[in-house]
Amino acid sequence: MLRRDLLKSLMISVLAISASLNFAIPAFALGGVLPSIDQPAPEFALPSNEGEGTVSLSGYRGKWVVAYFYPADFTPGCTLEARKFQEDLPKYLDRNAQVLGISADDVNSHADFCDSEGLKFPLLADAKGKISKAYGSWMGVRSARHTFIIDPQGTLRATFTGVNPIVHSREVLAKLDELQKAG
């Protein structure tokens, strides 16, 4: 118990010092260190199920991007999450937003998954986890279930961890609306 109290006291001191020096402590989540809000989002260029070269974040300048990382194609939670994004895809398009799914599965798996589920947004293959790591979303062999909203200038505006696939797309849409209203 004494050890826990000591660690708590030490953490409070570190937070107080960082606040007084006006610098941020990096956010941690299951999967690593998350990129900072209101900073440029980590750039990426990955192959997609659409098979036409790579899809890059910079290719979507002028649009909002919803980049969602997920563990694996054809698993129950990931299938449900993808279906919900697909169901809401017209709402994203109406908000000038592109949905991009990212996982460690290869482009062939992504193509089969899109065909099976009728998905009309790109799924990107991050086979080595390089981009997942850059977004603090890598679990050793799979991506963690995290989502990021990136504004039209390429700045990270929102992060979601602890995602519930059943309601997640609605949460993302609500946050997107809030961000777009704020200007």
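Every read-out reported here was derived from the displayed coordinates using simple, explicitly stated rules and does not represent laboratory data. This structure is a prediction, so every number in the text was calculated from the model and none was measured. Glycine gets a Cβ as well: all are built from the backbone with ideal geometry, and neighbour counts include every protein chain shown.
Each residue in 70, 92 was given a count of other beta-carbon atoms within 10 angstrom of its own, and listing them fewest first yields 92, 70.
Provide the percentage of antiparallel DSSP beta bridges, counting only those with both residues in segment 26-182; round to the nearest 5.
Values: 17 of 26 bridges.
That works out to approximately 65 percent antiparallel.
Pair-distance distribution P(r) for segment 26-182, from all Cα-Cα distances in 10 Å bins starting at 0: 12, 45, 39, 4 percent.
Using the structure shown, select from 128/175; 91/120; 63/181; 63/175; 84/130; 133/181 the pairs with a Cα to Cα distance greater than 19 angstrom. Write down the numbers at each step before the final one.
Numbers: 128/175 30 Å; 91/120 13 Å; 63/181 15 Å; 63/175 15 Å; 84/130 26 Å; 133/181 31 Å.
Beyond 19 Å between Cα atoms: 128/175; 84/130; 133/181.
Starting from one equal scatterer on each C-alpha and no solvent at all, send me the Debye-based log10 I(q)/I(0) for segment 100-164 at q = 0.14, 0.17, 0.27, 0.28 Å⁻¹, two decimals. For segment 100-164, the Cα-only Debye profile gives -0.45, -0.66, -1.19, -1.21. Computed on segment 73-131, the Cα convex hull volume stands at 74 Å³ per residue.
When 143, 36 are arranged by Cβ crowding within 10 Å, least crowded first, meaning fewest neighbours, the order is 36, 143. The loop-placed trypsin sites (Lys or Arg not before Pro) in segment 123-155, going by DSSP, that have at most 12 neighbouring Cβ atoms within 10 Å of their Cβ come out as 128.
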